[in-house]
1. Once the dipole of the chain is set up with Lys and Arg at +1 and Asp and Glu at -1 on Cβ about the Cα centre, which of ALA467, ILE375, GLY76 lies farthest towards its positive end?
2. For region 160-253, with the dipole built from +1 on Lys and Arg beta-carbon atoms and -1 on Asp and Glu ones, taken about the Cα centre, which of ALA246, ALA218, GLN194 lies farthest toward the positive end?
3. Once you charge only the Cβ atoms, +1 for Lys and Arg and -1 for Asp and Glu, what is the size of the charge dipole of region 277-410 about its Cα centre, to the nearest 20 debye?
4. Which value in nm describes the separation of the simple spin-label points at SER299 and ASP260, placed 7 Å from the Cα toward the beta carbon?
5. How much mean residue ellipticity at 222 nm does the chain get from its helices, if each DSSP H run of length 4 or more adds -39500 (n - 2.57) and you divide by all residues, to the nearest 500 deg cm²/dmol?
6. For region 306-442, what relative contact order do you get, as a whole percent, if you take Cα pairs closer than 8 Å and at least 6 residues apart?
7. Which order do MET120, MET142, MET294 fall in if you start with the one that has the fewest other Cβ atoms within 10 Å?
8. In which sequence would GLU280, GLU214 go, from the one with the fewest C-beta neighbours within 10 Å to the one with the most?
Amino acid sequence: MKKWKNWLFSLIALLAVAGSFLPAAAQATSTSGSDTAVATTAETDATYEKVISSGKLIVGLSADYAPYEFHATVDGKDTIVGFDISIAQHIADSLGVELEIQELGFDALLGALTTNKIDMIISGMSPTPEREEQVDFSDPYMTVTQKVVVRAADKDKYTSTADFNGVPVGVQKQTTQEELAQTEMTGSVLTSLQKVPDLITNLTTGKVDAVVLEGPVADAYVQQNTTLTIADDVTFVNGTKQTAVAVNKNSPQFLAAINDSISEITGSDLLAEYQEEANELMFQDDTSFFEKYMPYFISGTGYTLLLAFVGVLFGAVLGSVFALMKLSKYKILRALAIIYIEYVRGTPLLVQIFIVYFGTTMLNLNVSNLVAGCIALSLNSAAYVAEIIRAGIGAVNKGQMEAARSLGMNQTQAMRYIVFPQAIKNILPALGNEFVTVIKESSVVSVIGVAELMFQTGVVQGASFRAFMPYVIVSLIYFVLTFALSRLLGVAERRMKTSD
Ligand code: ARG
């Protein structure tokens, strides 16, 4: 009976916790838009005022899209370049503010805009009726056609969209290309991925037989990779799309300023100049792969270690608190700890990262992506650490506590001097394993644009037009990190054993 009541209580509390997350999560992905845009009425343009008063324009984009936006080494330094960047720079200059770039996955951009993480999106994005429900678009700065890239050997195999019946086709997730393939290559078997370079690997390795890409991007890949070609005969009915800048609704002044810049650019030779510059940067190739891209992996390794270290450290602190709560004699503390631990362990880290990332904005906490990533990892790790500690203490023979108590120690003393020193031997090795796990898990944080190893892998893929090699390299780096760490832990564990 009592047990039953406990369960009911936990369930209600769990639902309450879940409920408190719902509005935030729903708002982050809301499609209704009008209520999520913070900019208020037409007269006071909050975005414009924020940009001018802060002196910086925060632009969100997904830099996997050469020649629109991609990474290149400029003066020995990793830089995001491309004609979209030149346009954004022009807009920032004409507003008299600094340009700040926030790199995110393409599918995270609209959410970041409507939650005011960024001021505008420039990412080769096409206005669509669904997107226009959420955000406003500037005047278009380009009109492009969609192309189908296939392996060179298959060039003559495909002459129309009907030829893709039963054929595996790759598209970028949540893009107009995805929609186009769904509506016009109806018989095809779609694979939707987050990053364009991954689509290309799928194509070159035969996982898909075609990829639908924006014209300029398709051309760039075909020029870089002789094993690929464009199936010229395949055309789409709705394949002509425009490209524009997205801003939050109710930002008339901001939008007008952007449109002024765009008309200056499209009304002159500037756009052609920007495209020319982007092309040059795309084909600069003077150094070897390793020379050029090692710095990305090195800095990524630094961030990965930082994330894992901070995650485990704060996870351990918080985890100890939860473990003590779970062992406490107060039901309410126990219940809270159980709810937290079960909730965190029962939901994917990816979801937790997004909840922290968007949730911090909802709570008006202005934290950087790196901090959001650290918070998410720490909160996640805390749940696992709590269980490690609880199990470690639980594994100490009950008789130890009883003996200590019968010697006249109180509960706290017995715990501190007798039980805990024995428990620590069980806990430390498991904590080490948790460190190894967090090193690997931290790769998920790349979705919110933290420049750790996995993120840098994407950068290198986009910049080098090589998709497979960076994965091999990054897997080796992860392996070296985790293997070295577990060897180290093994040594420490053996030392502790002999000190019995
Ligand atoms: N034009 C397409 C769209 O609006 C794809 C854009 C993808 N951009 C990117 N930077 N990956 O959906």
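1. Going by the Cα projections, it comes out as ILE375.
2. Sorting the options by dipole projection puts first ALA246.
3. Using only the charged Cβ atoms, the result is roughly 1360 debye.
4. Here the answer is 3.4 nm between the modelled labels.
5. -19000 deg cm²/dmol
6. 36 percent
7. MET294, MET142, MET120
8. GLU280, GLU214
Rule-based calculations on the coordinates, nothing more; no lab input. The model shown is predicted, which means the values in this text are computed figures rather than measured ones. Don't worry about glycine lacking a Cβ; one is built from the backbone with ideal geometry, like all the others, and counts go over all protein chains shown.
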